[in-house]
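To keep things clear, I will list the structure first and then write my remarks on it.
The values are calculated or read from the model by the stated rules, or taken from the named source; none is laboratory data. These numbers come from a predicted model, not from an experiment. So basically every Cβ, Gly included, is an ideal-geometry build from the backbone, and we count neighbours across all protein chains shown. Areas reflect the complete protein model, heavy atoms only, side chains present, ligands, DNA and RNA absent. Shrake-Rupley method; radii C 1.70, N 1.55, O 1.52, S 1.80 Å.
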Amino acid sequence: MDGRVRSLLSRVAGEVRGLAVVDGETAYIRDPVFPVIRNRVHAEVAKTLLRLDGDPLVGPILNYAAGCQNPDGSWNEVHVNYNEPSALITAFIGDALLEAAERYPHEEALQKAGDFVLAAERNRGCFLKSRGYTADHLNVDASCGAFLARYAERYGDEDARAAALRAAENVVSHQCKCGVYPYAVDKGTYPFVFKLPCVHYQGVTIYYLAKANDVLCDERIDESIAKGVRWLADAQRPDGRFDWSRSGLSFAYYLSGAYAFALASFVYASRADERYREHANLCLGRLEKDVQGLAPRWEPGSWLGLVPSVATAAKTASLGHYPLRHRAFRFGYGMYREIARRRYGETAETRSFEALCRVLGIRSSTVEPSNNFPDLFMTSEVLDCLSQSGIWGEST
């Protein structure tokens, strides 16, 4: 594992480990900002600690996670205002249980998870994220496919392998000519079809497609990933920052985890093309600078850059074909985020957003604080991507 990656991993993992609450044979990770315990965080932290030469905390974390499984084999996606069964989160927990299966077996939980994710395929290669979010999200398909591919490898399950291949084929078939994987390709329960480019979810989709193809070894998938990585590299500036004006998904605007998913994607791509190693190094440099404790929710910014950010927000709001009113909403959302990411606090101020939701009658699954804050959710994504990139880097 690269020395810089290991150093950052060890430092951040230590911060997260300090949030662990141990109770006998189980342990969970306490969120320092919000009163929620997220299943996904446990999966990503457990995988990271396992990859960092193992850690005695892995077993108790996985015991806790296994205890949260629903009778139907699923796990809930937990946000501040949202908590319901999700194939996406089930795939993440299942993937962690697979990776730890030799040392910390949870066979019954794993097989129930495999059955649940298989049953979540509602159309060919399209996996239902949850009952509340029914659009075809390509990152969800890639994530479910990655779990099912690895599940198939362990159990020799041909049905799971076939489903994983269908998931990857669905993602590849919806890739735009420019290399973009749109966030969603149908409307579902959203008011519009969010067929938009997104820097963050481009990296997410590539990351899980790559994990799937470590098992599937399909040339078409690797060709698609190569196109996707080219777009991501083109969106990166010489100083490592992304050009967020090319990213049209409002709620993922400036998410700090984008640099971790991109880093892992670039490392994977560098196995075939060395030029992407420099792009990975640029992402690592951004993470080393911005992640001093837990990762901030959003990429920090200076107040001097606020005026130029108006043009960035305007450009991102113009992406896609939407009514003028929705574009205006997206521009306002973008400027709210531009201000929020420049204001940092150890806690998240959410009263302004909650009041706005009441006035406008907005139903939101989470909250949009008016300040940047240390985010355990982003941090666990960073840990998972960094530790996986270490594995891919060693295989070059």
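Structure summary
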| quantity | calculated |
| --- | --- |
| Max mean-square fluctuation residue, GNM over the chain, Cα-Cα springs under 10 Å, options S370, S380, S143 | S370 |
| Heavy-atom surface of the chain, accessible at 1.4 Å and reported per residue (Å²) | 40 |
| From phi via Karplus (6.51, -1.76, 1.60), per-residue ³J(HN,Hα) for region 160-168 in Hz, x at Gly/Pro | 5, 4, 5, 5, 4, 5, 5, 4, 5 |
| Amide proton proximity set for S256, modelled H, under 5 Å, gap of 5+ | W298, E299 |
| When each of K47/K195; K112/K177; K187/K227; K112/K187 is checked by Cα-Cα distance, pairs over 28 Å | K47/K195; K112/K177; K112/K187 |
| Nearest-20 debye value, the chain charge dipole, Cβ charges on Lys, Arg, Asp, Glu | 1700 |
| Residues of region 169-208 with amide N under 14 Å of the 7 Å Cα→Cβ point at R230 | 176-181 |
| Relative contact order (%) - region 39-136, alpha-carbon pairs under 8 angstrom, separation at least six | 27 |
| Estimated 222 nm signal from helices in the chain, with DSSP H stretches of n ≥ 4 weighted -39500 (n - 2.57), rounded to 500 | -18000 deg cm²/dmol |
| Percent carbon-and-sulfur accessible area, the chain, ignoring ligands, DNA and RNA, probe 1.4 Å | 53 |
| Residue of L294, L319, L249 that the Gaussian network model of the chain assigns the largest fluctuation, springs spanning Cα pairs under 10 Å | L319 |
| Long-range amide H partners of F242 with built H, under 5 Å | R237 |
| Estimated inter-spin distance, D243 and R30, nm [label 7 Å along Cα→Cβ] | 4.5 |
| Whole-number percent relative contact order across the chain, with pairs defined as alpha carbons under 8 Å at least 6 apart | 16 |
| Calculated from backbone phi, Karplus (6.51, -1.76, 1.60) coupling profile of region 334-350 in Hz, x at Gly/Pro | x, 5, 4, 5, 4, 6, 4, 5, 8, 9, 10, x, 6, 10, 9, 7, 10 |
| Charge dipole of region 1-395 about the Cα centre (unit charges at C-beta), most positive-ward option of S247, N63, P323 | P323 |
| Stretch gain in nm, segment R325-K289, where the contour uses 0.36 nm per residue and the Cα spacing is subtracted | 9.2 nm |
| Integer Hz, Karplus 6.51/-1.76/1.60 couplings in order for region 52-62, x for Gly and Pro | 7, 6, x, 7, x, 6, 4, x, x, 5, 5 |
| Region 1-395 - Rg (one decimal) and Dmax (whole number), Cα, Å | 19.6, 57 |
| Length gained when the stretch D55-N123 is fully extended (0.36 nm per residue, less Cα-Cα span) | 20.5 nm |
| Built amide H within the under 5 Å cut-off of Y344, gap 5+ | N372 |
| DSSP loop GluC sites (Glu not before Pro) with at most 11 other Cβ within 10 Å: longest gap in the chain | 103-273 |
| Amide N of region 51-88 lying under 18 Å from the label point, which is placed 7 angstrom from the Cα of E102 along Cα→Cβ | 51-56, 58-59 |
| Candidates H137, H42, H174, ranked by Gaussian network fluctuation over the chain, Cα under 10 Å, top entry | H174 |
| Loop-located trypsin sites (Lys or Arg not before Pro) in region 74-142, at most 12 other Cβ atoms within 10 Å (DSSP) | R103, R124, R131 |
| For the chain, with +1 on Lys and Arg beta carbons and -1 on Asp and Glu, the positive-most of H137, S387, A91 along the dipole | H137 |
